[in-house]
Ligand SMILES: Nc1ncnc2c1ncn2[C@@H]1O[C@H](COP(=O)(O)OP(=O)(O)OP(=O)(O)O)[C@@H](O)[C@H]1O
């Protein structure tokens, strides 16, 4: 968890709501998650020099020992929220919410904590603006993107005949490989790193290859362009009519968001 100064206060909760008697270890883990900042989940088992083997033991210790900012002990906070009636209400409202997600069977579905952030649902969300512009809703960005679409079509007026020798080698290798793929031949994956000093013609050949691959796919009846172009910076991405890597992989990289804050 990245601690930010002046971040707006948020109410945190966690789904699924574990039952303290049925899943005591998960229950304890979640309680610790909600009340302690951490970078690694295992850090929640550590209090000063004391390290516990389980979340349950750490949670028991925390209930006895922790005093938080508002001068209320964790024990009091847990006791307030631990009444089974409250738990039932919370569970029902969260389950109602969870049922709105696709393919979600809340009766049998137990979330795997190791897969947090790795679910299709998470991947499809555009996290780019989360927390950066809290007053704007997701729809705003969708509308902006529709109103001002970036042109990421590969265009090239170059021809293979005009390429330099090394550019042509690369062109022939990639186009030949894709031809085999389209012919259904059993081809192994082609991994290439194209490197070179500034101005040596990398973008030039990438655009010609991309445009040629797009045309080949279209002729083969494939609607979706077979090439994605991405670069670390906006300027570099613009140069190859591509997207930034963080946009493509939906990484919330930005002001104050160092990548190492995301686990
Ligand atoms: N075979 C070629 N025939 C004609 N012009 C070329 C050829 N290869 C490169 N160029 C031209 O040379 C210039 C530099 O090429 P390009 O931008 O592709 O280099 P780059 O290696 O991508 O550079 P950078 O690393 O700075 O992005 C461009 O104007 C490009 O059109």
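Each value in this text was obtained by applying a stated rule to the coordinates, not by laboratory testing. Values in this document were obtained by computation on a predicted structure and should not be read as measured data. For neighbour counting, all protein chains shown are included, and Cβ atoms are generated from backbone atoms with ideal geometry for every residue, glycine included.
What to note about this one:
- Gain on full stretching of the segment that runs from residue 50 to residue 219 - 0.36 nm per residue minus C-alpha separation: 54.3 nm
- Label-point separation in nm, residue 172 to residue 157, each point 7 Å along Cα→Cβ: 2.7 nm
- One compactness figure for region 160-261 is 1.25, namely its Cα radius of gyration divided by 2.2 N^0.38 Å.
- Mean Cβ neighbour count within 10 Å, used as a protection proxy, ranking 200-207, 48-55, 234-241, 218-225 highest first: 200-207, 234-241, 48-55, 218-225
- Remark: the residue 191-residue 140 segment gains 14.5 nm on full extension, using 0.36 nm per residue and subtracting the alpha carbon distance.
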